[in-house]
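If you scroll down you'll find the structure; I have some questions about it.
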Amino acid sequence: TGAATALALDLELRTRFNKTLDDYMRLLWQRHGKTEKAYSIRDLQDALAATTGDAKHAADFFARYVYDSQPYDYASGLEAMGLLLTARDAGKAWAGPWRLEERGGKTIIANSTRKGTPLYEAGIDAGDELVSVDGQKIRNSNDFNNWLSGKKPGDKASVVIRHRGREATLEMTLQESPDITVQPNAGATEAQLAKRKAWLQSQQRP
């Protein structure tokens, strides 16, 4: 998303060039906003090169995170600010976000499953009736969560659903949740704390 790319660029500018996203945006304003001159993605790349004084870095950043969709190393960028990025539920099994509803004595999946999650990859989606998991009758979310608590990432489960009146047995491979959390690093250096203070103060400006 645009917000994620902006965060990546701000971290990159602060950790590698002692610049900020504000510096970059001011230059864009001077070149295009103030003059009302249209701009292209290449113009944005050129502005980054001018901000950092490093055309090679600008080309690499745009190639990786704008033209392509490679994952940015947020952990390293946040570590430089004295922050730790960790998995929120490390080591715990996860099937994906979903909502179960009881309708007429049946347990129905009420929302669309998300691509890439165990539920979606198993072929389970909104409107399916959840009959059982590993032979265990599932009546509500609590039943499912109780079953899930005894599992770990990589475990496989046999899921019986009923789709448009037809019963099917599907195999689901559990994962670790991709959700993350950011917290202060108790062992942060003075330099990291100073960077974090400057970064957070810049976010608080009106």
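Which of the three applies to region 7-97, rounded, prolate or oblate, going by the alpha-carbon gyration tensor with a ≥ b ≥ c and a/c under 1.5 meaning rounded?
Values: a/c = 2.52, a/b = 1.97, b/c = 1.28.
Prolate.
Continuing with the same structure: Which shape class, rounded, prolate or oblate, goes with region 76-137 when its Cα gyration tensor gives a ≥ b ≥ c as root eigenvalues, a/c under 1.5 marks rounded, and past that a/b bigger than b/c marks prolate? Could you put the intermediate results ahead of the total?
Details: a/c = 3.13, a/b = 2.71, b/c = 1.15.
It is prolate, given that a/c is not under 1.5 and a/b is the larger ratio.
When P(r) over Cα pairs in 10 Å bins from 0, in percent is calculated directly from the model, which label among (i) 8, 25, 21, 18, 17, 11, 1; (ii) 8, 29, 31, 20, 10, 2, 0; (iii) 8, 29, 27, 20, 12, 4, 1 fits?
(i)
Next up: List the lysines whose Cα sits under 29 Å from the Cα of Lys106, skipping any in the same chain fewer than 8 residues away.
Candidates past the 8-residue exclusion: Lys92, Lys115, Lys137, Lys151, Lys152, Lys156.
What whole-number value in Å² describes the accessible area per residue of the chain for a 1.4 Å probe? The partial results should precede the final answer.
Numbers: 12520 Å² over 206 residues.
Accessible area per residue, the chain: 61 Å².
Going by Cα centres, region 97-111 and region 27-58 are how many Å apart?
The two parts, judged by their Cα centres, are 50 Å apart.
If the reach is capped at under 30 angstrom between alpha carbons, list the lysines near Lys197, excluding any in the same chain fewer than eight residues apart.
Lys19, Lys56
While we're here: Which whole-number percent gives the relative contact order of the chain, counting Cα pairs below 8 Å spaced six or more residues apart? Mind dumping the intermediate values first?
On the way: 288 pairs, mean separation 40.8, N = 206.
Across the chain, relative contact order equals 20 percent.
Only helical DSSP H runs with n ≥ 4 go in: add -39500 (n - 2.57) per run for the chain, normalise by residue count and round the 222 nm mean residue ellipticity to 500 deg cm²/dmol. Numbers along the way, then the final one.
On the way: 8 runs with 77 residues, N = 206.
Only helices count here, giving -11000 deg cm²/dmol.
Taking a ≥ b ≥ c as the square roots of the Cα gyration tensor eigenvalues, with a/c under 1.5 meaning rounded and otherwise prolate when a/b beats b/c, else oblate, which class fits region 1-57?
Numbers: a/c = 1.72, a/b = 1.46, b/c = 1.18.
Here region 1-57 falls in the prolate category.
The values are calculated or read from the model by the stated rules, or taken from the named source; none is laboratory data. Just so you know, these numbers come straight off a predicted model, no measurement behind them. All accessible areas refer to the heavy atoms of the entire protein, side chains included, with ligands and DNA or RNA removed. Shrake-Rupley method; radii C 1.70, N 1.55, O 1.52, S 1.80 Å.
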